[in-house]
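A short worksheet on the structure shown next.
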Amino acid sequence: MSAGFDVQHYWVTSSGDTINFKVAHLTPTAANDIVAVRWGDYTSVITGGTGKFANATGSLDYFGVADFTNLTLVLRYRGQVCYSK
């Protein structure tokens with residue numbers, strides 16, 4: 001089984017604000033080209049951003065499917081963003 005994959009996320013909101021993240025590590029549950037992403041196997045940590053996300057903290061946890069043949073990733077996420085005062 002693969003040791004996993006490092007993924008860099010950058011989110012941009014419709015107003016143009018960005019959310020920055022540390023590099024997230026995806027631990028796959030199978031060695032094939034299509035793998036399940038279970039809750040707890042893939043988390044990204046928020047490291048700030050721009051606009052209302054400047055100095056924000058928090059994290060997101062993901063659940064879904066990764067298809068490494070077609071280079072697609074479909075995820076649901078949950079978590080919390082803490083805004084700076």
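Rounded to the nearest 0.05, what FRET efficiency do T47 and V74 give with R0 = 22 Å and r taken as the Cβ-Cβ distance? Could you check?
0.35
Could you look at the chain and say what percent of its accessible area is carbon and sulfur, using a 1.4 Å probe and all protein chains?
Carbon and sulfur together cover 54 percent of it.
What percent do you get for the relative contact order of the chain when only Cα pairs under 8 Å and 6+ apart count?
Relative CO of the chain lands at 23 percent.
So, R0 is 25 Å and r is the distance between the beta-carbons of Y10 and N32; what FRET efficiency does that work out to, to 0.05?
After rounding to 0.05, the efficiency reads 0.30.
Which of G64, G49, G16 moves the most in a Gaussian network model of the chain with Cα springs under 10 Å?
So, out of G64, G49, G16, the one fluctuating most is G16.
Over the alpha carbons of the chain, what is the largest minus smallest coordinate on each principal axis, giving the biggest first in Å?
44, 22, 18
So, for the range 1-80, what is the accessible surface per residue at a probe of 1.4 Å, expressed in square angstrom?
Averaged over the residues of the range 1-80, the accessible area is 61 Å².
With unit charges on the beta carbons (Lys and Arg positive, Asp and Glu negative) and the dipole taken about the Cα centre of the chain, which residue among Y83, V65, H9 sits farthest to the positive side?
The listed residue farthest towards the positive side: Y83.
The values are calculated or read from the model by the stated rules, or taken from the named source; none is laboratory data. Keep in mind that what you see is a predicted model, and the values were worked out from it rather than measured. Cβ coordinates were reconstructed from backbone atoms using ideal geometry, including for glycine residues, and neighbour counts include every protein chain displayed. The accessibility values were calculated without ligands, DNA or RNA, using every heavy atom of the protein model including side chains. Shrake-Rupley method; radii C 1.70, N 1.55, O 1.52, S 1.80 Å.
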